[in-house]
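**Q** Sharing a structure here in structure tokens format.
Bear in mind that the values in this text are calculations on the coordinates, not laboratory data. Note that the coordinates shown come from a computational prediction; the quantities given were computed from them, not determined experimentally. Because the Cβ atoms are built from the backbone with ideal geometry, glycine has one as well, and the counts that use them run over all protein chains shown.
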Amino acid sequence: QVQVVESGGGLVQPGGSLRLSCAASGSIFSTMGWYRQAPGKERERVATMSRIGTTIYADSVKGRFTISRDNAKNTILLQMNSLKVEDTAVYYCYVVDSWRVGNWGQGTQVTVSS
């Protein structure tokens, strides 16, 4: 059974930083990454990384967010710097297991506000 557990998130002022962590278990994972959903908006990809390290970032976060993963530990991190009010959203960890099924974490709230 695949489990996806996120940690991190919280309230930060504009220009601040936060780090999100995600630990997955129960499979070997190909793609791992982060999506977010703001109120009234569709869920969107923030950043994903393949098992061999290929990354995809949303244009809105390029140069500010950095994704990294540890394949041995099945963990993935999202370092978020220079946060903006528009980064406020629920952030979800997303992993694709060995059966090519996508699995979601429960979500963690990130609020950027002064």
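**Q** Beyond 19 Å, what percent of the Cα pairs of the chain remain?
**A** Tail fraction, whole percent: 39.
**Q** If contacts are Cα pairs under 8 angstrom and at least 6 residues apart, what is the relative contact order of the range 8-114 in percent?
**A** Normalised by residue count, the contact order of the range 8-114 is 37 percent.
**Q** Cross-link candidates for LYS41: which lysines have Cα within less than 29 Å, leaving aside residues fewer than 8 places away along the same chain?
**A** Those lysines meeting the cut-off are LYS62, LYS84.
**Q** Using a basic spin-label model with each label point 7 Å from the Cα along Cα→Cβ, how many nm lie between GLN109 and SER30?
**A** Inter-label distance under the simple model: 3.5 nm.
**Q** What span do the alpha-carbon atoms of the range 1-59 cover on each of the three principal axes, reported in whole Å from largest to smallest?
**A** Result, largest extent first: 36, 24, 23 Å.
**Q** Sequence-distant or interchain residues sharing an amide H contact under 5 Å with VAL46, placed H: which?
**A** For VAL46, the qualifying residues are TRP34, TYR35, ARG36.
**Q** Oh, and also: Apply 1/(1 + (r/R0)^6) to the Cβ-Cβ distance of SER98 and SER7, taking R0 = 35 Å, and write down the FRET efficiency to the nearest 0.05.
**A** Efficiency, from the Cβ-Cβ distance: 0.90.
**Q** Related question: Along the charge dipole of the chain, pointing to its positive end and built from +1/-1 on Cβ of Lys, Arg, Asp and Glu, which listed residue (THR108, LEU83, SER50) has its Cα farthest out?
**A** Value computed over the given set: SER50.
**Q** Give me the extension gain from LYS41 to ASN71: residue separation times 0.36 nm, minus the current Cα-Cα distance, reported in nm with one decimal.
**A** 7.6 nm
**Q** Something else now. Considering the range 49-112, what Rg and Dmax in Å follow from its alpha-carbon atoms?
**A** Cα-based Rg and Dmax for the range 49-112 come out at 12.8, 37 Å.
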